[in-house]
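Colleague: Pasting a structure below so you can have a look.
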Amino acid sequence: MTPADICVIIPVLNEAASIGLTIESVRDAGQVVVVDGGSRDDTVEAVLRYPHVTLIQSTAGRGHQLAMGANQCTAFIMLFLHGDCRLEPGALDAVVATIAGGSDWGAMTQTIEATGARYRWLEAGNAWRVRWLGKPFGDQAVFVKSELYRQSGGYEPVPLMEDVRLARRLRAKSWPVLVRPGVIVSARRWQRRGVVAQTARNWLIQLLHGVGVTPERLAKMYR
């Protein structure tokens, strides 16, 4: 098994500034599918510079985009990568080794592109969430055997919480593995609202989702 056995699915919306680096970081993957949600910048033009990449047009909504991309996958392993993230060198090899070693799915350690102790604590907390709660978020580059993904029902076309909902179903089958080398993540959303405020908001939304608030209502809160 090699990185050629991996299909990378990348949902994007107005990611012209970063999508090239994202695609370059997965150049060894056997299949790369980018699903654009109606970008108004030069994202599509940037993707078209890579003839080996399959580009799909979709309505906006990460859950819908991820599901559409996964439907195009013909590889043994699926890896879901946000358009403002990129993999570290060796990350695809680490995924292959993890799956070959008997694991079914997992996520990657994060490096957030910002300096400061708060970001290092955030990285550690997100790793803890995967190891002890079995709950990776979408920006942790979730990977899974394609067969298990399909058996679990895959991503739901919901406007928010698609990652938490999929992880819950996968966790019922087996526990996720956290791998390194990992994924480099843009700090923009934490910088926009602040690390503490953004993290508190994420946990509040998870709590409300856990007590039955619909993804549609939560998406309005998240904007």
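The values are calculated or read from the model by the stated rules, or taken from the named source; none is laboratory data. If you're wondering where the values come from, they're calculated on a predicted model, not measured in any experiment. Using ideal geometry, Cβ is built from the backbone for each residue, glycine included, and neighbour counts are taken over all protein chains shown. We work out accessible area using only protein heavy atoms, side chains counted, and drop any ligands, DNA or RNA first. Shrake-Rupley method; radii C 1.70, N 1.55, O 1.52, S 1.80 Å.
Colleague: Please arrange ASP104, ASP42, ASP84 by accessible surface area, largest first, computed with a 1.4 Å probe and ligands excluded.
Modeller: So, going from the largest accessible area down, we get ASP42, ASP104, ASP84.
Colleague: In whole Å, what is the distance between the alpha-carbon centres of region 113-127 and region 163-199?
Modeller: 12
Colleague: Now for a different question. Once you measure Cβ to Cβ distances between cysteines in the chain, which Cys have no partner under 4.7 Å?
Modeller: CYS85
Colleague: Where does region 36-145 land on Rg/Rh, using Cα atoms and the Kirkwood Rh?
Modeller: With Rg and the Kirkwood Rh in hand, the quotient comes to 0.98.
Colleague: Report the charge-dipole magnitude of region 67-223 in Debye, nearest 20, computed about the Cα centre from +1 at each Lys and Arg Cβ and -1 at each Asp and Glu Cβ.
Modeller: 600
Colleague: What's the carbon and sulfur percent of the chain's accessible surface, probe 1.4 angstrom, rounded to a whole number?
Modeller: With neighbouring chains kept in place, the figure for the chain is 54 percent.
Colleague: By what distance, in whole Å, do the Cα atoms of region 97-201 stretch along each of the three principal axes, largest value first?
Modeller: 39, 31, 20
Colleague: Suppose a student asked you for the relative contact order of the chain, using Cα pairs under 8 Å spaced at least 6 residues apart; what percent would you report?
Modeller: Reported relative contact order: 23 percent.
Colleague: Still on this model: Can you bin every Cα-Cα distance in the chain into 5 Å intervals starting at zero and give me the percent of pairs per bin, rounded to whole numbers?
Modeller: Spelled out bin by bin, the chain gives 1, 7, 15, 20, 22, 18, 11, 4, 0, 0 percent.
Colleague: Once you put a point 7 Å from the Cα of ALA187 and another 7 Å from the Cα of TRP203, both along the Cβ direction, what distance in nm separates them?
Modeller: Distance between label points: 2.1 nm.
Colleague: Here's something else I'd like to know. Could you work out the equivalent-ellipsoid semi-axes for region 94-146, taking the square root of 5 times each eigenvalue of the Cα gyration tensor, largest first, in whole Å?
Modeller: 23, 11, 9
Colleague: Expressed in nm to one decimal, what extension gain is obtained for the pair ALA17 and ASP41 from 0.36 nm per residue of sequence separation less their Cα-Cα distance?
Modeller: Gain on extension, ALA17 to ASP41, equals 7.7 nm.
Colleague: On to the next question. Quick one, what does Rg over Rh come out to for region 1-51 if you take C-alpha atoms and the Kirkwood Rh?
Modeller: The Rg/Rh ratio comes out at 0.99.
Colleague: Which whole-number value in Å² is the accessible area per residue of region 80-177, probe 1.4 Å?
Modeller: Accessible area per residue, region 80-177: 42 Å².
Colleague: Straight-line reach only, C-alpha to C-alpha below 20 angstrom: list the lysines that LYS135 could link to, leaving out same-chain residues fewer than 8 apart.
Modeller: By straight Cα distance, LYS135 reaches LYS145, LYS173.
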